[in-house]
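Single-structure report; data block below.
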Amino acid sequence: MKRYLLIVLLSIASNVFAQSELVGEAPNDTVVVQDLAKNADYFSKGLEAKYNENYPVAIYNFEQALKFYHDDDASMYELSTLYQFAGRYSEAFSMIEQASKLQPENKWYQIRLAQFYLQSSDYQSIINIYDKLLADEPDNLDYIEAYIDVLLRIGDYDKVIEKLDVVEQQLGKNEYIFLQKAQIYEEQGKKNKAIEEIEKLVEFMPDNTHYLAMLAEAYRKVKRDKDAYQIYLKIKELEPDNQYINISLMDYYQSMGELDKAFEEFVAAIKNKNLDFETKSQIYDFWFEKQDEKNISEEAETAGNAFIETHPDKSLGYYIIGTVYYNNKDYAKAKDYYLQALERDKNNFITLYQLSLCYIDLQDFQNVIKYTEQAISLYPEQPLFYLFNGIAYFNIKDYETTVKVLEKGRKLSANKELTANFDTYIGDTYHVLNNKEKAYEAYDRVLKAQPDNIYVLNNYAYYLSLDNQDLERALQMSGKTIKAEPKNATYLDTYAWILYKLNRYDEAKKYMDKVFKYDKNPQSVNYEHLGDILYKLGETKNAVKNWKKAKKAGGEVSEFLDRKIKDEKLYE
């Protein structure tokens, strides 16, 4: 082996000597041979280090090899690769450029040089390289693909077609050629020409459902819907469980107005085990975005059951059925399905949200607290769960906790409407705690953001009347509520009571009569208020009669009711 290397080195040395004599140099034979030997040694060490992935050592050895033989194109090629790997791009480019000049016939050098030209978008230089490469190997598909890629980058579509035609003549029918031509014609807006190429591809590979689907899509783009439909049927025949065929048919039937058939394909898509779950979720959203309210509940139930049947480990089907029951106000069944959904996805925001609403509607405030606190631990920046949590604490009469929770949630709210909801409950809670100043501050914030919030207008006005405070303002606020809802007995009672406080008893009686006209099941407070008004109007017997009705009704009444009945006299 060493003897063979020496022969090679001597051969190289003789060439060097010959070149030196041409320029009048007097070479030192021993030095040249020694340098070439060192070059070969360093090159060998460089290769060994590279194969062992010791790249810094490899770079050092190849650089040393170049010092002893400046025209060592092989070391230049290796250094180009290693420099690029190390992020030294300009040096990498310089190395392959020099190697290519020294050995212009080496195709590997030329291919690597073309890659660098691609990085610098020097497309013409790449074209020049592949013109030469293809002249030597006209059937090389790798060269053809690289050449066409550059032509596509510069938008020379006509030249690409011309080149593809030549290749087709050389190679015959080819999948790559059909696809490239179709893509180019599509880019040029020549849709019918693109269709012709895809038709050739389908004729060439008639059982390939992917290409059949491409053809159907191309037909749909030019409104050849019936032709597309026939292709869809063929795909379904060849591959009944094709992952996308149900979606394609669903879309087709929808466009034709055949919604029953479209829905059948929609459900079939959900049940198709070859279609991924994420896509199924997306088409579920897509389907119900386009449906009217008429059939939505029935269709959602069918879809939800299909999800449960096909993907029992996923939460979506249970969530869908839960929401169907929720929308039908069957909160008990809705809750059961939401809990099953939560078992499969414990951190799901929307399920926790719906479950919380469900328990609020069921007046199960302990479970509202349980699941909203779970949600808050997962989504501490989401104010909605603080609102629900505060509502639950309010209803179990833990008012101190209610205020703390609501005040914290309010700080997180960036939505005016949501903030107003927080302030509404904050106001109600502070009123229960007899902190009227903070209650009224909260109500004022609501009315500043929502001047026509009739719930707050009514409560605020009523509480002011109980305190004999700002009665004219209270009357004005209450007037807005009865204007908005003229038959609402609660709002009419508030308005009548404020008139009573203003000593406008005849008017108060008029509005109390409306309360009893529109509410067939009056509350105890209504009877007591009417009794007080009648007493002021001098109708003592009727007043006592209504006070007794108030006591019999058993609701919330004043602390003076029993004395009023006993003494037949008004106490306030």
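The values are calculated or read from the model by the stated rules, or taken from the named source; none is laboratory data. This one's a predicted model, so the numbers in the text were calculated from it and none came from an experiment. Cβ placement follows ideal geometry from the backbone for every residue including glycine, while neighbour counts extend to all protein chains displayed.
Points to keep in mind about this one:
- When the residues of the range 272-298 are filtered to those that are surrounded by fewer than 16 Cβ atoms within 10 Å (Cβ to Cβ) and of a type in the set (Lys, Arg), the one that is nearest to residue 330 (Cα to Cα) is 294.
- Filter result for the condition that a residue is free of Cβ contacts under 8 Å to residues at least 12 places away in the same chain and under 23 Å from the mean Cα position of the chain (by Cα), over 380, 312: 380
- Subset of the range 187-224 (residues that are closer than 18 Å to residue 240 by Cα and either among the polar types (S, T, N, Q) or touching a strand residue (DSSP E or B) at 6+ places or on another chain (Cβ under 9 Å) (or both)): 208, 209
- Here the condition is being under 30 Å from the mean Cα position of the chain (by Cα), of a type outside the set (Lys, Arg) and not in a helix (DSSP H, G or I); of 242, 246, it holds for 242 alone.
- Among the residues making up the range 531-543, those that are surrounded by 19 or more Cβ atoms within 10 Å (Cβ to Cβ) and either aliphatic (A, V, I, L, M) or out of contact with any helix residue (DSSP H, G or I) (no Cβ under 7 Å at 6 or more places or on another chain) (or both) are 533, 534, 543.
- Only residues that are loosely packed, with under 15 Cβ neighbours inside 10 Å, part of a helix (DSSP H, G or I) and either under 46 Å from the mean Cα position of the chain (by Cα) or polar (S, T, N, Q) (or both) were counted in the range 56-90, giving 4.
- Some residue of the range 356-366 being more than 16 Å from residue 404 (Cα to Cα), crowded, with 23+ Cβ neighbours inside 10 Å and β-branched (Val, Ile, Thr): no
- Test: residue 463 is in contact with a His (Cβ under 7 Å, 6 or more places away or on another chain) and in a helix (DSSP H, G or I): yes
- One residue from 487, 517, 483 being basic (Lys, Arg) and part of a loop (DSSP other than H, G, I, E, B): 487
- Residue in the range 430-439 that is surrounded by 23 or more Cβ atoms within 10 Å (Cβ to Cβ) and either part of a helix (DSSP H, G or I) or within 41 Å of the chain's Cα centre (by Cα) (or both) present: no
- Matching entry among 143, 117, 176, 147 (being part of a helix (DSSP H, G or I), of a type in the set (Ser, Thr, Tyr), under 43 Å from the mean Cα position of the chain (by Cα) and under 24 Å from residue 242 (Cβ atoms)): 176
- Every residue from the range 320-339 that is of a type outside the set (A, V, I, L, M), in contact (Cβ under 8 Å) with a residue 24 or more places away in the chain and within 19 Å of residue 370 (Cβ to Cβ): 322, 326, 331, 335
- Within the range 320-355, the set of residues being charged (D, E, K, R) and crowded, with 20+ Cβ neighbours inside 10 Å comprises just one member, 335.
- Residue that is nearest to the chain's Cα centre (by Cα), among those in the range 447-479 that are buried (at least 17 other Cβ atoms within 10 Å of the Cβ) and hydroxyl-bearing (Ser, Thr, Tyr): 460
- Residue in the range 284-305 that is more than 23 Å from residue 239 (Cβ to Cβ), assigned to a helix (DSSP H, G or I), touching a Ser or Thr at 6+ places or on another chain (Cβ under 9 Å) and modelled with pLDDT under 95 present: yes
- Lone unmet requirement of (1) modelled with pLDDT of 95 or more; (2) not in a helix (DSSP H, G or I) for residue 347: (1)
- Members of the range 180-226 found to be free of Cβ contacts under 8 Å to residues at least 24 places away in the same chain, farther than 22 Å from residue 251 by Cβ, part of a helix (DSSP H, G or I) and not aromatic (Phe, Trp, Tyr), listed by number: 181, 183, 193, 196, 197, 203
- Within the range 314-334, the residues that satisfy the criterion of being assigned to a loop (DSSP other than H, G, I, E, B) and not polar (S, T, N, Q) are 314, 329, 330.
- Residue tally, condition under 16 Å from residue 272 (Cβ atoms) and in contact (Cβ under 8 Å) with a residue 12 or more places away in the chain, over the range 227-250: 15
- Residue selected from the range 257-271 under the condition in contact with a helix residue (DSSP H, G or I) (Cβ under 9 Å, 6 or more places away or on another chain) and of a type in the set (Gly, Ala, Ser), by the criterion surrounded by the most Cβ atoms within 10 Å (Cβ to Cβ): 269
- Any pair with Cβ under 7 angstrom, 6 or more apart, that starts in the range 460-474 at a residue that is more than 19 Å from residue 448 (Cβ to Cβ) and ends at one that is polar (S, T, N, Q) and crowded, with 19+ Cβ neighbours inside 10 Å: 462/494; 471/465
- Remark: pairs (first residue in the range 126-147, within 18 Å of residue 116 (Cβ to Cβ); second residue outside any helix (DSSP H, G or I) and of a type in the set (Asp, Glu); Cβ separation under 8 Å; 6+ apart in sequence or on different chains) = 143/137.
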